[in-house]
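A quick write-up on the structure given underneath.
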Amino acid sequence: MKMRAGLLLEREGEIFTFPHRTFQEYLAGMHLARQKDFARQACHLVDAGAFWREVIVLGIGYLVHSNQEYEKPLMVVSELCPATLPRPDDDTAWRRAWLAGEALLELGLNRSQDSATGKDLLARVRAHLTHLLEHGILPARERVQAGEVLGKLGDPRFDPDLLHLPAIFREKPEPMFGFVPIPKGRFVMGSKKGDYMAFDDEFGNPDFLTMPYDYWMARYPVTVAQFGAFVAQGGYAEQSWWLDAGWKRIRKEGYQQPREWELQKATPTHPVRNVSWYEAMAYSRWLGAQLQPLLKGRAPQNYTIRLPTEAEWEKAARSSDARRYPWGDEITSDHANFSETQIGKPSPVGAFPLGATPSQLFDLSGNVFAWTLSS
């Protein structure tokens, strides 16, 4: 049989395995899901190694899609993610919470909210994963994956009923919808000769410049979900949001959304990508109009929501002490999503809290390039 069908591989005498690992994992998941103490065993096995994560998720999928059984998956979620937050250094417990989020995704958000228990568990898992992300728990690559699960579950940092703008930051409300004050004052712009990391056109500025006015910067880059509100409300069909050159371009090329939009929508809390300067300008104009009634009495009169100038961006990023990076002068894979972090793609905004500025702005270095008013 082993010679004719190729269905089984003999690893050693009288011991056979399936050649495809996913098939092995699915059968193991089916067996595990049929056990009365599935929740307890799942909690035990996930601590034994990463291999079992996929087995547990496949087991939940078997219960949900083949048996229409939803109570057992919720029991697994409850076991994996107790009500009390783990200790910050308990990586094992945080990995369980991350797996609980994957289990809820396999169950499906609609099914998860069909019962009071499911709603409570969804809120619990969201809270745990938000804490994990905002406090830099787990190594960067795992934290980013957990953040992507959170984005699909519904990241409570953002309000889906208010253009997906920031609503909560570290358990406190965002009264300015994620806009953070940057005070006027002195700052250093550009680099000095001898800085091997600078481009030639970044030399020649005075020792310092003075920003003569206060302003606000967005805490995070614009997310896919935020830009999606602009798309959904007909932003690409309303000429008033666009500069003339931008409007001509999207009409000529038939753009109705950013490039690779369907792919981007799978990661709602990633920064939006493949957006031209014209599209960024149009979004800013549109957002300003949407927020005008909401910011009345909170923002100064005659304010404008727009892209930052290069000077405004640099003051916000470098503070007043000429630091090399937004957080300081040294960089590690825990400070930003860049080549050494080995993630190889964008990550959820705010996933690198060590990379924040003193004003708590995120992702000013790493993750994606950003537009300014000049380019």
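The values are calculated or read from the model by the stated rules, or taken from the named source; none is laboratory data. Only a predicted model underlies this, so the values are computations on that prediction, with no experimental measurement involved. Cβ: placed from backbone, ideal geometry, glycine included. Neighbour counts: every protein chain shown. Calculation scope for accessible area: heavy atoms of the full protein, side chains included, ligands and nucleic acids excluded. Shrake-Rupley method; radii C 1.70, N 1.55, O 1.52, S 1.80 Å.
So which pairs qualify, if the first residue must be in segment 30-58 and over 14 Å from MET75 (Cα atoms) and touching a residue at least 24 places away in the same chain (Cβ under 8 Å), the second must be of a type in the set (Asp, Glu) and open to solvent by less than 50 Å² (accessible area, probe 1.4 Å), the Cβ gap must be under 7 Å, and the two must be at least 6 apart or on different chains?
Going by the 7 Å Cβ cut-off, the qualifying pairs are GLU54/GLU25; VAL55/GLU25; LEU58/GLU25.
Count, please, the residues in segment 104-133 that happen to be buried (at least 24 other Cβ atoms within 10 Å of the Cβ), within 19 Å of the chain's Cα centre (by Cα) and within 25 Å of LEU58 (Cβ to Cβ).
Selection size over segment 104-133: 5.
Can you name the residue in segment 179-202 that is in contact with a helix residue (DSSP H, G or I) (Cβ under 6 Å, 6 or more places away or on another chain) and under 14 Å from TRP313 (Cβ atoms) and, of all such residues, is modelled with the highest pLDDT?
Checking each candidate, the answer is ILE182.
Among the numbered criteria (1) open to solvent by 40 Å² or more (accessible area, probe 1.4 Å); (2) touching a strand residue (DSSP E or B) at 6+ places or on another chain (Cβ under 9 Å); (3) closer than 22 Å to ASP155 by Cβ, which single criterion is violated by MET217?
(1)
Given the residues SER374, SER333, SER347, which is the only one that is small (Gly, Ala, Ser), part of a loop (DSSP other than H, G, I, E, B) and modelled with pLDDT of 95 or more? Outline the logic, then answer.
Values: SER374 fails: modelled with pLDDT of 95 or more; SER333 fails: modelled with pLDDT of 95 or more.
Matching residue, one of SER374, SER333, SER347: SER347.
Given the structure, is ALA229 of a type in the set (A, V, I, L, M), open to solvent by less than 40 Å² (accessible area, probe 1.4 Å) and not in a loop (DSSP other than H, G, I, E, B)? Break it down stepwise before answering.
Working: of a type in the set (A, V, I, L, M): yes; open to solvent by less than 40 Å² (accessible area, probe 1.4 Å): yes; not in a loop (DSSP other than H, G, I, E, B): yes.
Spelling it out, ALA229 is indeed of a type in the set (A, V, I, L, M), open to solvent by less than 40 Å² (accessible area, probe 1.4 Å) and not in a loop (DSSP other than H, G, I, E, B).
Could we say that LEU58 is surrounded by 24 or more Cβ atoms within 10 Å (Cβ to Cβ) and assigned to a helix (DSSP H, G or I) here? Steps first, please.
Values: surrounded by 24 or more Cβ atoms within 10 Å (Cβ to Cβ): no; assigned to a helix (DSSP H, G or I): yes.
When the stated conditions are applied, LEU58 does not pass them.
Among the numbered criteria (1) surrounded by fewer than 14 Cβ atoms within 10 Å (Cβ to Cβ); (2) more than 30 Å from GLU142 (Cβ to Cβ); (3) among the polar types (S, T, N, Q); (4) in contact (Cβ under 8 Å) with a residue 12 or more places away in the chain, which one does THR309 miss?
It is condition (1) that THR309 fails.
Could you tell me whether any residue of segment 66-76 is open to solvent by less than 60 Å² (accessible area, probe 1.4 Å), β-branched (Val, Ile, Thr), over 24 Å from GLU171 (Cα atoms) and at pLDDT 90 or above?
Looking through segment 66-76, at least one residue is open to solvent by less than 60 Å² (accessible area, probe 1.4 Å), β-branched (Val, Ile, Thr), over 24 Å from GLU171 (Cα atoms) and at pLDDT 90 or above.
Taking the condition open to solvent by less than 40 Å² (accessible area, probe 1.4 Å) and either of a type in the set (Gly, Ala, Ser) or at pLDDT below 75 (or both), does THR17 pass? Reasoning before the result, please.
Numbers: open to solvent by less than 40 Å² (accessible area, probe 1.4 Å): yes; either of a type in the set (Gly, Ala, Ser) or at pLDDT below 75 (or both): yes.
Against the criterion (open to solvent by less than 40 Å² (accessible area, probe 1.4 Å) and either of a type in the set (Gly, Ala, Ser) or at pLDDT below 75 (or both)), THR17 qualifies.
Conditions: (1) surrounded by fewer than 16 Cβ atoms within 10 Å (Cβ to Cβ); (2) within 29 Å of ALA218 (Cβ to Cβ); (3) touching a residue at least 24 places away in the same chain (Cβ under 8 Å). GLY136 meets all but one. Number of the miss?
(1) is the only condition that GLY136 fails.
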